[in-house]
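Reading through the structure tokens given below for one structure.
The values are calculated or read from the model by the stated rules, or taken from the named source; none is laboratory data. Because the structure is predicted, anything quoted here is derived from the model rather than measured. Quick reminder, even Gly has a Cβ in these numbers, built from the backbone with ideal geometry, and neighbours come from all protein chains shown.
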Amino acid sequence: MSETGIGARVRRKEDRRFVTGAGNYTDDVNIAGQAHAVFRRSEHAHAAVKSVDASAALALPGVLGVFTGDDLAADEVGALPAGWMIHSKDGSPMNAPGHPCLVQGKARYVGDPVAVVIAETQAQARAGAEALEVDYEELDAVIDLTETQSSSVLLHDDAPKNTCYEWELGDKAATEAAFAKAHHVTRLSLTNNRLVPNAMEPRAALADYDAGTGSYTLYTTSQNPHVARLVMSAFLNVAPEHKLRVIAPDVGGGFGSKIYVYPEEVVCTWASKKVGRAVKWTADRTESFITDAHGRDHATDAQLAMDERGRILGFRVRTTANLGAYPSLFATCVPTYLYATLLSGQYDIPAIYAEVDAVYTNTVPVDAYRGAGRPEATFVVERIVEVAAREMGIDPATFRKRNFVKKFPHQTPVIMTYDAGDYAASLNRACDLIDYKGFNRRRRDSARNGKLRGIGFSNYIEACGIAPSAAVGSLGAGVGLWESAEVRVNPTGNVEVLTGSHSHGQGHETTFAQLVAERLGIGIDQVEIVHGDTDKVQFGMGTYGSRSGAVGMSAIAKALDKVEAKAKKIAAHLLEAAEGDIEFKDGTFSVTGTDKSISFPEVSLSAYVAHKFPTSEIEPGLKEGAFYDPSNFTFPAGCHICEVEIDPATGVTDIVNWVAVDDFGVVVNPMIVEGQVHGGIAQGVGQALLENAVYDSSGQLLTASYMDYCMPRADDLPDFTVDTTVTPCPSNPLGIKGCGEAGAIAAPAAVINAITDALGHEEIAMPATPQAVWRAAQVAAREAAE
Amino acid sequence: MTTVAMTVNGDSVSADVEPRTLLVQFLRENLLLTGTHVGCDTSQCGACVVHVNGKAVKACTMLAVQCEGAEVTTIEGLADGDALHPMQAAFQEHHGLQCGFCTPGMIMSAVDIVNRHGGAPDEATIRKQLDGNICRCTGYHNIVKAVAAGGAAMDVPAREAAE
Ligand code: FES
Ligand code: FES
């Protein structure tokens, strides 16, 4: 392994600009003469908007324009669409009403944008927004996902029972038969709490219309600028693709929340032509809380059937998933194909049947948030497996090992074909690292100090490398999920790589350059990664679903193959040898069995000078592109073990030890992979212990600031012990599986399994706040006394 | 409008601003020093931390006019020319950042923690003292390592906490 090649702990190339304050985020960009947009948002969870009187606002200094849904409709600007078709059990298509970018008729959640005010300064726009007289007719709202299907409140006329779909997966009859012969059945009801993604950079947009060329430029906080452009062109009719340039410069975290197209960037783009000025909008934090797509929010009943030895026979799951007020771009696939398809976990389960109802409520739309469906699946599987082991008196590690998938490929009853893995290897390694054998001694030591100690496993699996285009197409996706790359070798031998992936913290400028530097035998500083601009990169599907390594880098590898093939042809002419005799290694082309050789920069210069090869056979230049479509999902999996100590007097849970052993396939940069795992665990621990999006019954979000929504801070978290075991992924050329979401997927079940182990009591909901844990500890103590 | 004058990263600056202008707005909008970030509106996240007269301050929670005559250092003023400040170098070396959005505030807070505590603060002290800075990406693990290493490299004499 070279110092900068695949597998090396290369320090990040992008860091210098970030540590010196020279990063370039959307809000850092300014265009001369820009105006500012502020949105007036519905204060009510459900209300008919009778009229908007803008006369007072328009009279204020600096106000340039006020626009409402009627203005968008007049220009035939469309509504935000749902990008994934799901069919109900009865075969009917889902009910998925579009989300108008400014309210038309009814506002359906607190925060739904009613009107926009454009003014010279942000303060003037804010004053204008406050001066708008909006005449609302307040309507009853429905907030609770368990009540909405039987509620008298109807959000959308074309979504009866406030239901998007009633979907199923798996073999119902086979599952019923498995339960009929079960020796033991474990039952569990779980809530997966609603979360707010909270990327630290708030969303922002800056749009500029050029009347001379009739084209728009939009700077926006996006994980996938090409998808944003496609949606804004094809569905929203803002501008044709070739007249719309979307630039996502440095992006300050996303975690899914910056995948989607939101009303604000659409309105700013459209309004920049209306007012003839560049228009800028930046969310404040409370605005982010009430407009960024939320995550999770499931209610689930599950049953697991076992034989007398604790071998799983069947699994039955019934879930209601809250979509919020509208179906956001990928929302409909999250509780279906990203959730129920992972309900087999790491286990060989003969029969599974899952039912999922997706419902509308008067709350912020819910969509993919780090892990997207897979954390929800893992929470259900790993909680019920743990409880089943406890109920049957089997050690939870032994119970898991007894049920692991051991032969690959493995076809689950819920679509997926697992291609490679060694689940026992991760589990065994994690048990060693945490000293599982010594746990009982540690528990006794804690007890002597009046503390309750518990240990919890989470053996997660996820489907990443999203995704084979035809496969997702057959499941309802509106797009293909390949990735593109272009490798441009310059005459002097340095290289630009244009990729459709887009880093928002993952370090692509380093990891992608590691691949290119190793393959071409050039210095890593000779490689520039270009991303996030639709005028530079031809097309791309973006970064989410832990896909940029497995799919994005595979596209680069494919383009590099073509570059190497062409360079070899040129080298053959330069070395006056047969093409088949040319070897390329460590940046040098040589003729097999001779000492004749030539360097990569010499070949690239010659490619552009084009004096020494017949241009009738070989085109001048050295630039190749590739589109890579994966042949399967990838299946990262691993074992996380959390050890907690609880003070029963205060209910405070202290995470005293955390071990993560993950199988991500081939690791490009262990330093970056460990960082991804740390960050994922922190978000999972946040869900388990601290974070919760809470609505009151009228639909006001009570947790709409950092005063009320508890973000994990340095003092809430331990040091993590992170290790990997490796089974290379067989389905892509680099053997990569992906690592971005694992921590967030694994962590919640590990924490709750540890807390319930410590308390000896299974009834604890997330977040397990000190108050909730204290209460459960009291109940557990009372039960023990009885 | 009122005139405000201060020293920012060693340069004398002055501008006419509305009295309600926050220090962070003055830095970002008037001086175009966009390294100082805004991540919240309740003084909770620390993305905006700068030094005013040598002490860490949340620039979203101070008016520009309150800094009249003050010495302000932002993330852009921390390095010595091309040579990174030891805390900046430590964040890069220990992978203490991912998206980079919290990073300027984290580094400015970290320098202040070391200045106040001296020497190389221990892990528990670092975790406690970082409670005014939120990072959503890193899980803090590597930030804590970076602050410890940066602190050791800063060569500030060990002392009891000054508070
Ligand atoms: S911007 Fe969040 S504390 Fe200042
Ligand atoms: S690095 Fe992204 S918020 Fe800290």
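Please enumerate the residues belonging to region B:59-100 that are among the polar types (S, T, N, Q) and crowded, with 24+ Cβ neighbours inside 10 Å.
B:Thr74, B:Gln88, B:Gln98
All but one of (1) in a loop (DSSP other than H, G, I, E, B); (2) within 16 Å of ligand 2 (Cβ to nearest atom) hold for B:Met87; which doesn't?
Single failed check for B:Met87: (1).
Could you please let me know if B:Cys137 is at pLDDT 95 or above, touching a strand residue (DSSP E or B) at 6+ places or on another chain (Cβ under 7 Å) and either away from chain A (no Cβ under 13 Å) or within 16 Å of ligand 2 (Cβ to nearest atom) (or both)?
It is false that B:Cys137 is at pLDDT 95 or above, touching a strand residue (DSSP E or B) at 6+ places or on another chain (Cβ under 7 Å) and either away from chain A (no Cβ under 13 Å) or within 16 Å of ligand 2 (Cβ to nearest atom) (or both).
Does region A:342-378 hold any residues that are β-branched (Val, Ile, Thr) and either touching a Ser or Thr at 6+ places or on another chain (Cβ under 8 Å) or modelled with pLDDT under 95 (or both), and which are they?
A:Ile349, A:Ile352, A:Val356, A:Val359, A:Thr361, A:Val364, A:Val366, A:Thr378 - these are the residues of region A:342-378 that are β-branched (Val, Ile, Thr) and either touching a Ser or Thr at 6+ places or on another chain (Cβ under 8 Å) or modelled with pLDDT under 95 (or both).
For (1) assigned to a loop (DSSP other than H, G, I, E, B); (2) assigned by TED's automatic domain parsing to the domain that holds A:Gly507; (3) touching a Cys at 6+ places or on another chain (Cβ under 8 Å), each residue gets a yes or a no:
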{"site": "A:Asp719", "(1), (2), (3)": "yes, no, no"}
{"site": "A:Val722", "(1), (2), (3)": "no, no, no"}
{"site": "A:Gly738", "(1), (2), (3)": "yes, no, yes"}
{"site": "A:Pro748", "(1), (2), (3)": "no, no, no"}
{"site": "A:Ala758", "(1), (2), (3)": "no, no, no"}
{"site": "A:Ile764", "(1), (2), (3)": "yes, no, no"}
{"site": "A:Ala768", "(1), (2), (3)": "yes, no, no"}
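Restricting attention to region B:85-106, which residues are on the phi > 0 side of the Ramachandran plot and away from ligand 1 (no atom under 16 Å from the Cβ)?
Of everything in region B:85-106, just one residue is on the phi > 0 side of the Ramachandran plot and away from ligand 1 (no atom under 16 Å from the Cβ), namely B:His95.
Give region A:717-732 a look and list any residue that's buried (at least 21 other Cβ atoms within 10 Å of the Cβ) and either within 14 Å of chain B (Cβ to nearest Cβ) or closer than 23 Å to A:Val652 by Cβ (or both), or say none.
A:Leu717, A:Phe720, A:Val722
In contact with a Phe, Trp or Tyr (Cβ under 8 Å, 6 or more places away or on another chain), within 11 Å of chain B (Cβ to nearest Cβ), under 30 Å from B:Ser109 (Cβ atoms) and of a type in the set (S, T, N, Q): does that describe A:Thr26?
Yes, satisfied.
Got a sec? Which of A:Ala173, A:Ala199 is away from ligand 1 (no atom under 16 Å from the Cβ), small (Gly, Ala, Ser) and either away from chain B (no Cβ under 14 Å) or touching a residue at least 60 places away in the same chain (Cβ under 8 Å) (or both)?
When all the criteria are applied, what remains is A:Ala173.
Among the residues of region A:570-590, are any hydroxyl-bearing (Ser, Thr, Tyr), not in a strand (DSSP E or B) and not assigned by TED's automatic domain parsing to the domain that holds A:Ala331?
Checked region A:570-590: no residue is hydroxyl-bearing (Ser, Thr, Tyr), not in a strand (DSSP E or B) and not assigned by TED's automatic domain parsing to the domain that holds A:Ala331.
Would you be able to tell me the number of residues in region B:11-49 that are more than 23 Å from A:Gln124 (Cα to Cα), of a type in the set (Val, Ile, Thr) and either assigned to a loop (DSSP other than H, G, I, E, B) or more than 16 Å from ligand 2 (Cβ to nearest atom) (or both)?
2
Which residue out of A:Ser288, A:Ser257, A:Ser272 is surrounded by 21 or more Cβ atoms within 10 Å (Cβ to Cβ) and within 16 Å of ligand 1 (Cβ to nearest atom)?
A:Ser288
So which strands (runs of 3 or more DSSP E) are wholly in region A:255-334 and hold at least 2 residues that are in contact with a helix residue (DSSP H, G or I) (Cβ under 7 Å, 6 or more places away or on another chain) and β-branched (Val, Ile, Thr)?
Ranges flagged: A:279-282, A:312-322.
So A:Gly735 clears everything in (1) within 11 Å of chain B (Cβ to nearest Cβ); (2) at positive phi; (3) not basic (Lys, Arg) except one condition, right? Which one?
All conditions pass for A:Gly735, except number (1).
I'd like to know if region B:1-23 contains one or more residues that are within 14 Å of chain A (Cβ to nearest Cβ), free of Cβ contacts under 8 Å to residues at least 40 places away in the same chain and within 13 Å of the chain's Cα centre (by Cα).
no
When the residues of region B:50-84 are narrowed to those that are part of a loop (DSSP other than H, G, I, E, B), facing another protein chain (nearest Cβ under 7 Å) and more than 15 Å from ligand 1 (Cβ to nearest atom), which ends up nearest to B:Asn9 (Cα to Cα)?
Applying the filter and picking the extreme gives B:Ala79.
Can you tell me which of (1) more than 9 Å from chain A (Cβ to nearest Cβ); (2) more than 19 Å from B:Arg136 (Cβ to Cβ) is the one B:Glu93 doesn't meet?
(1)
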